[in-house]
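Peer 1: Okay, handing you the structure first.
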Amino acid sequence: MKQLIKIGIIICDRYKTCAGGKCFRAMRNKEGAFNIYKDNVEFELVGYTSCGGCPGGNIEYAPEEMIKKRS
């Protein structure tokens, strides 16, 4: 049985128009930051947003919202 890990991605506001293609590919292929996960892990994306701009005004709010809305 695969373990389900819920993932939220927060990107730099300078790239807020990014559609996330490279992040999603890395997640799917378990590359880059995702390479620490074993084959018995499955990911569910629960959020994708930007930091809100310097100095990261959204960086504390965004994870809270992702946790609240993940179920």
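Peer 1: Can you give the FRET efficiency for residue 30 and residue 69, using 1/(1 + (r/R0)^6), R0 = 22 Å, r = Cβ-Cβ distance, to the nearest 0.05? Walk me through the numbers on the way to the answer.
Peer 2: Numbers: r = 25 Å, r/R0 = 1.13.
With a Förster radius of 22 Å, E is 0.35.
Peer 1: A follow-up question, please. Roll a 1.4 Å probe over the protein chains and send me the accessible area per residue for the chain in Å².
Peer 2: Details: 5450 Å² over 71 residues.
That works out to 77 Å² for each residue.
Peer 1: How far apart, in nm, are two points set 7 Å out from the Cα along the Cα-to-Cβ line at residue 3 and at residue 46?
Peer 2: If labels sit at residue 3 and residue 46, their model points lie 1.6 nm apart.
Peer 1: Separate question: In square nanometres, what is one fourth of the surface area of the convex hull spanned by the alpha carbons of the chain? If you can, show how the numbers build up before the last one.
Peer 2: On the way: hull surface 20.9 nm².
About 5.2 nm², averaged over all directions.
Peer 1: Exactly which chymotrypsin sites (Phe, Trp or Tyr not before Pro) in the chain are in a DSSP loop and have at most 15 other Cβ atoms within 10 Å? Please list the in-between numbers first.
Peer 2: Working: sites: 15, 24, 34, 37, 43, 48, 61; in loops: 37.
Sites meeting the loop and neighbour criteria: 37.
Peer 1: With a 1.4 Å probe and every protein chain kept in, tell me what percent of the accessible surface of the chain is carbon plus sulfur.
Peer 2: Details: 2880 of 5450 Å².
Ligands and nucleic acids excluded, carbon and sulfur give 53 percent.
The values are calculated or read from the model by the stated rules, or taken from the named source; none is laboratory data. Since the structure is predicted, the reported quantities are computational estimates derived from the model, not experimental observations. Positions of Cβ are backbone-derived with ideal geometry, glycine not excepted, and every protein chain shown enters the neighbour counts. For accessibility, only protein heavy atoms count, side chains too; no ligands or nucleic acids. Shrake-Rupley method; radii C 1.70, N 1.55, O 1.52, S 1.80 Å.
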